[in-house]
Amino acid sequence: MLTKFFPTRLLGMAFAFLERFQQRRIRTFLLLFAVGLSLTLAVSACSPSAGDNGTTQTTQAPSTTVHIGYQKASTVLYALKARGELEKAFAASGTSVTWSEFPAGPPLLEALNAGSIDFGYTGESPPIFAQAGGIPLVYVAYDPWSTKAEAILVPKDSPIKSVAELKGKKVAFAKGSNANYLLLKALEKAGVQYSDIQRVTLTPADARAVFERKNVDAWAIWDPYLAAAEAATGARTLADATGLAPNHGYYLAAKSFVDAKPDALKIVLAQVKKVSEWAKNNPTEVAKLLSPALGIDVPVLEIAEKRRDYDLLPLTDEVITKQQEVADTFYKIKLIPKEIKVKEIVWQGKVNNS
């Protein structure tokens, strides 16, 4: 019996040993397989792969997005959005475009500061306030606009005949706007202190309402709201910006965008240039495009379009000097808290005028 037991026990021990050996082999195999699979996947992710048609394909770099801020009254950017030209220009690179609408320049530049947009357009005053507030923006080009495209209006039956007669009167305007600067310079020329008028700071829509009700004596405003007020109320012009204010528009970009994506910036500027040329030569078409958005009749918008200019131009020393004068004037009356140097945030790249 003992002789029968030993072979049986030895056989069991042998099977147990083989089982443990096989399990170790299996675990080792699975470990090596997992490592090998991981290496294969890693190499595949970095290497060309064969497509369904047998051709070699490469992994594309992650796409990027360019964020544009615009206002309905900012004709060129509004038209650029409507025409879809910028999206077409970026299609080959896989770059997408997003558009954000703003009611005025100051909130647009606040969005630029927050990183919500990369590029936008405003009048001459908002970037001065933005620079004084420490917003990291860059002037990249300017638009000549027109000195006839902003004015100080009075009701058609107003007894006021000159800017000097605004002393002691209520004048509506948007604080920190182009029209604010026009008003300052017009009063200065007429020998009237800024503190000598009753300042009523309102948005264009609210100012239009109080102007029509004659709750203010005058209104400093720009096109197309200027043309709309003239057409609807027969308002008279006391003074426009001729000889008083440059009334330029500025294309502005976040410094981070200029530094990180200079090629994207150049594509944006090239498309802005093309649409600017189209707008300059097609005032009626521009009026038809803007009319539904602004709620202003096409004939009225045509008046505004025909008295303004369009272009995309580099900031010359003369333009920078004029913008510096605006900044110095605002500092003088404490609209901004500190002196600024406009030239410190002017882009040194080249605007393509071909």
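Coordinate-derived values only; no laboratory data. Source: prediction; values computed, not measured. No Cβ is skipped: glycine too gets one built from the backbone with ideal geometry, and neighbour counts run over all protein chains shown.
Where nothing but the Cβ of Lys and Arg (+1) and of Asp and Glu (-1) is charged, how large is the charge dipole of segment 73-228 around its Cα centre, in debye to the nearest 20?
Here the size comes out at about 520 debye.
For Lys169, project a label point 7 Å along Cα to C-beta. Then give me every residue of segment 221-243 with its amide nitrogen under 19 Å of that point.
Those under the cut-off are 221-222, 226-227, 229-242.
Modelling each spin label as a point 7 Å along the Cα-to-Cβ direction, I'd like the Gln198/Asn281 distance in nm, to one decimal.
With each label placed 7 Å out from Cα toward Cβ, I get 5.1 nm.
To the nearest Å, what is the center-to-center distance of segment 200-262 and segment 134-182, using C-alpha atoms only?
Cα centroid of segment 200-262 versus Cα centroid of segment 134-182: 6 Å apart.
Run the dipole for segment 241-328 about the Cα centre, Lys and Arg Cβ at +1, Asp and Glu Cβ at -1, nothing else charged, and hand back the magnitude in debye, nearest 20.
Working: 11 positive and 13 negative charges, 54 e Å.
Computed charge dipole of segment 241-328: roughly 260 debye.
Quote the charge dipole size of segment 129-197 about the Cα centre in Debye, to the nearest 20; the model charges only the Cβ of Lys and Arg (+1) and of Asp and Glu (-1).
200 debye
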